Amino acid sequence: MEIRYVRNLCGSHMVIKQAEEETAWEREMLLQNPLKELLLPDFVNENGEYILWYDITGRQALDVVLDTKEIDYETFRELCGAVASAAEKLEGLLLSPNGILLTPECIFIDNHTNKVRLCYYPGNPKGIGNGFHELMQYLLRKLNHKDTILVEAGYRLFEETAKEGYSLKEILRLSAGGNFREEENVLPQEAAVALPEMEKTESEEDKAKEMPCRIRLKEKKGHNSVLAGLKRWLLDKKKEVADRLPGKKKREEDVFVFEPEEVEEVRESRPTVLLSEINQMPQGIFKYEGEGSCPDLRVEDTPYIIGSDGNCDGVIKSSIVSRRHAKITKTEDVYFIEDLNSSNGTYVGGELLNCRVRMSLQRNETILFGNEKFRFI
């Protein structure tokens, strides 16, 4: 399923090619009975093919939200409850719940109310059964693992949905508005074992700790050998001077007159042209040039999330900047920026970015996060 995004003055849209033609009756039922849990698409005919346009203005995808925080109990409960409620209501309208898209980039959370909205996609090839299981698998790695009840509930749903021919109604009953905290012994303690790839192996951490030590020892050993060689050279030179001028006492500092010549040769061998080339490369710094008091932002590791939320890597305290406004990534020596469907947009060189579309950043380029101006250097 290919997804693209379009942003204009009217708002932001997620655009998907229709999987199969929706019947007029199905469309009419949804239009006459709108569900608060669902985002319904506008059908646009492009060259004989129907393209689905979802209005995602003021909302951010689940995977974007979980880039900067772990999923908490309330969000998990809200998400499971939305799936259960939407599936039940669709069946009540004699429509298949398989049309619900459950991929993280197609689940949206309202920026103001934090309510979950799901996309209805006629002819969804994955179906709600497989989709819900894969969603649980994704969420296990995003849970707040300090919340025991939340982790146990997540694993319970994951294990149940992994069973062949599992009852979707039973699973949705467990998750429907599910107040998991009221349930006793949701899972035995043994079941709270993380997936293999989630566990940290002590041996790998030990190797990481030991490696710098081995490197330092080698450097120290090499350093001592150089000093020993230099000492022998100085002693030989001192003896040579003493042999030439017998009877005259030489000061030790006179012997070191030969050392600067060697040091000077090392300095002259450094290629200064490399320094010039380095200066032309972006430093990964967003230098603030606005009228407020925002700090400069330095990108040291990527992905680097910029927004007003305190959990972001680069925090801009402004009401114009969305909580998760933009993301910076880096491939080799090239920096890229993408807007995360922010409310007031991201502008690069005066151009408004489509959400979730990467654009490369050039040195000295001007970037606006809403109306907060930065220069990339």
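The values are calculated or read from the model by the stated rules, or taken from the named source; none is laboratory data. Remember, predicted model here, so these are calculated numbers, not experimental data. So basically every Cβ, Gly included, is an ideal-geometry build from the backbone, and we count neighbours across all protein chains shown. For accessibility, only protein heavy atoms count, side chains too; no ligands or nucleic acids. Shrake-Rupley method; radii C 1.70, N 1.55, O 1.52, S 1.80 Å.
With only Cα atoms counted, the stretch 66-167 has Rg and Dmax values of 13.6, 41 Å. Between E46 and E2, the contour length at 0.36 nm per residue exceeds the alpha carbon distance by 14.3 nm. Taken over the stretch 1-139, the alpha-carbon convex hull comes to 118 cubic angstrom per residue. With the simple spin-label model, which puts each label point 7 Å out from Cα in the Cβ direction, the N130 to E74 separation comes to 3.6 nm.
With each label modelled as a point 7 angstrom along the Cα→C-beta vector, the V334-K163 pair spans 5.0 nm.
Computed over every Cα-Cα pair of the stretch 1-63 and binned at 10 Å starting from 0, the pair-distance distribution P(r) comes out as 18, 50, 31, 2 percent. Distant-in-sequence amide contacts of L38, defined by a placed amide H-H separation under 5 Å and a gap of 5 or more residues or a different chain, comprise L118. Rounded to whole numbers, the Karplus 3J(HN,Hα) couplings from phi for the stretch 25-30 are 5, 4, 5, 5, 4, 6 Hz, using 6.51 cos²θ - 1.76 cosθ + 1.60 with θ = phi - 60°, and x at Gly and Pro. Counting only protein chain heavy atoms and rolling a 1.4 Å probe, the accessible areas of M14, M359, M1 rank, largest first, as M1, M359, M14. Rolling a 1.4 Å probe across the protein heavy atoms gives the stretch 40-79 an accessible surface of 44 Å² per residue. Full extension of the chain segment joining M281 with T366 gains 29.0 nm, where the gain is 0.36 nm per residue of separation less the Cα-Cα distance. Computed from the C-beta positions of N33 and N114, the FRET efficiency with R₀ = 22 Å rounds to 0.35.
Count Lys and Arg as plus one, Asp and Glu as minus one, and take only other residues whose Cβ is under 11 Å from that of K89; the net charge is then -2.
Figure legend: label point modelled 7 angstrom from the Cα of A19 along Cα→Cβ; residues of the stretch 101-125 with amide N under 17 Å from it are 101-108, 118-125. Dipole magnitude for the stretch 1-130: about 220 debye, using +1 per Lys or Arg Cβ and -1 per Asp or Glu Cβ, origin at the Cα centre.
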